[in-house]
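**Q** Got a structure here, written out as structure tokens. Questions coming.
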Amino acid sequence: MSEKQPIAVLGGGSFGTASANLLAQNGHSVLLWMRDSAQAKAIANERENPRYLKGIKIYPAVTPTTDLSATLTACELIFVALPSGVLRSALQPVAGLLSGKCLVSLAKGIEQGSFKLVSEILADIAPDARIGVLSGPNLAREIAEQALTASVIASQDETLCRRVQAVLHGRTFRVYASSDRFGVELSGALKNVYAIIAGMAAALGMGENTRSLLITRALAEMTRFAVRLGANPMTFLGLAGVGDLIATCSSEKSRNYRVGFFLGTGLSLQQAIERLGETAEGVNTLVALKAKAESLNIYMPLVAGLYAILFEGRTLEQVIEALMCGEAKTDVDFISAKGF
Ligand SMILES: NC(=O)C1=CN([C@@H]2O[C@H](COP(=O)(O)OP(=O)(O)OC[C@H]3O[C@@H](n4cnc5c(N)ncnc54)[C@H](O)[C@@H]3O)[C@@H](O)[C@H]2O)C=CC1
Ligand SMILES: O=C(CO)COP(=O)(O)O
């Protein structure tokens, strides 16, 4: 059943555009807000987002707009697909228009300094809004190409979860519900760091054994960290945890993986980010995560190793040697009481 009002999607990048198209595919009218008027015109006239989703036809029910206030006034259900670093400054000026609305974060990042997740930033800006998080193995281009995909809507607000399931469910997209908003959101942010490492390993020509080693130990590390912060470890066994790790650590469609790949071919961090030209949240997340893990004394060797390469002048070879030759450990330590 179609919503009575239009649905808003904030952010005209690859994920905002893919999500808006998915909602339109399901019969909803969508206002897609973006700050760039040239891009909005291109979408309105050519029905394509040439910068972020080239080759994908945008449905007529998606209306691109640069008027944020009008968009928020017209809509009650609002999906937020802005990069985490710009979200607070973009939405704070219109906080009054978010009051009492249903806000669903699609972003996967952590705010520098505060260590806040995006839903927590939204709650700061609009304390009486109803808030949820959508996260899972959701590569934007695959969704846009209508590959069969699933995701998780996480909120303690069951009505919000059901509403999001209703608007997004369709022939190609399935949404599972969770009440662990914190765990779902944290896993979406953390996996970006490990995707950078997986991209580096791919550039070095490492094989499937290495990828499996990385994904599995990344899961251990993420879970160890998350449990210390109060998340439910079982969440990490779901789509938003191991599901998203597998997708993002295995695919050149992931921007974080591509940053890692560029680094592995010898580019500097600055060069890798410039070559990408799109959002890769994992770099900022790494900085925030390293500081937090240190302050809580949580063992995160992969995070420490990547940080040492990017910011402390260590070579990839030195870090690999330290990781492989470190003290012998126990498998699956993170679910034992001792591992916590
Ligand atoms: N692309 C993907 O496959 C997925 C992305 N995400 C998350 O979605 C969020 C957004 O990422 P993408 O759409 O992929 O990024 P993108 O790099 O494709 O696009 C970023 C968009 O943000 C806009 N933007 C930047 N600064 C802005 C500001 N101050 N005000 C308004 N708009 C601004 C840019 O103009 C651009 O339209 C990120 O947190 C990302 O982790 C989540 C799942 C999948
Ligand atoms: O979150 C994503 C897939 O679930 C997209 O990852 P990237 O931001 O690395 O492209």
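**Q** Between Val332 and Leu229, what's the calculated FRET efficiency when r is the beta-carbon distance and R0 is 25 Å? Round to 0.05. Walk me through the numbers before you get to the answer.
**A** On the way: r = 20 Å, r/R0 = 0.79.
With R0 = 25 Å, the Cβ-Cβ based efficiency is 0.80.
**Q** Using only Cα positions of the stretch 189-335, each an equal point scatterer, no hydration layer, compute I(q)/I(0) via Debye at q = 0.11, 0.12, 0.13 Å⁻¹ and quote the log10 values to two decimals.
**A** -0.37, -0.45, -0.53
**Q** So for each of 253-262, 8-17, 63-72 I average, over its residues, the number of other beta carbons within 10 Å; can you give me the resulting order with the highest mean first? Present the calculation step by step, with values, prior to reporting the outcome.
**A** Details: 253-262: 24.3, 8-17: 26.2, 63-72: 17.6.
In descending order of packing, they fall as 8-17, 253-262, 63-72.
**Q** Provide the packing ranking of 101-112, 36-47, 275-286, i.e. peptides ordered by the mean count of other C-beta atoms within 10 Å per residue, highest first. Write down the numbers at each step before the final one.
**A** Details: 101-112: 24.4, 36-47: 14.3, 275-286: 20.1.
With the highest mean Cβ count within 10 Å placed first, the list reads 101-112, 275-286, 36-47.
**Q** Please compute the Kirkwood hydrodynamic radius of the chain from all pairs of different C-alpha atoms, in Å with one decimal.
**A** Working: mean 1/r = 0.0491 Å⁻¹.
Computed over the chain, the radius equals 20.4 Å.
**Q** Roughly how many debye, to the nearest 20, is the charge dipole of the chain about its Cα centre, given +1 on each Lys and Arg Cβ, -1 on each Asp and Glu Cβ, and no other charges? Spell out each step's value before the answer.
**A** Working: 32 positive and 30 negative charges, 93 e Å.
The calculated dipole for the chain is roughly 440 debye.
**Q** Answer with one residue from Leu72, Ala107, Pro127: the one whose Cα lies farthest towards the positive end of the charge dipole of the chain, charges on Cβ with Lys, Arg +1 and Asp, Glu -1.
**A** Leu72
**Q** Hey, another quick one. Is there a quick way to get the dipole size of the stretch 189-277? I mean about its Cα centre, with the Cβ of Lys and Arg at +1 and of Asp and Glu at -1; what is the value in debye to the nearest 20?
**A** 100 debye
**Q** Are there DSSP H segments in the chain that both extend 27 Å or more along their axis (alpha-carbon positions) and score a mean Kyte-Doolittle hydropathy of at least -1.0? List them, or say none.
**A** Details: long enough: 181-203 (34 Å, 0.95); 208-228 (30 Å, -0.06).
Membrane-span-like by this rule: 181-203, 208-228.
Values in this text are rule-based calculations from the coordinates and carry no lab data. Only a predicted model underlies this, so the values are computations on that prediction, with no experimental measurement involved. Note: ideal-geometry Cβ built from the backbone for every residue, glycine included; neighbour counts use all protein chains shown.
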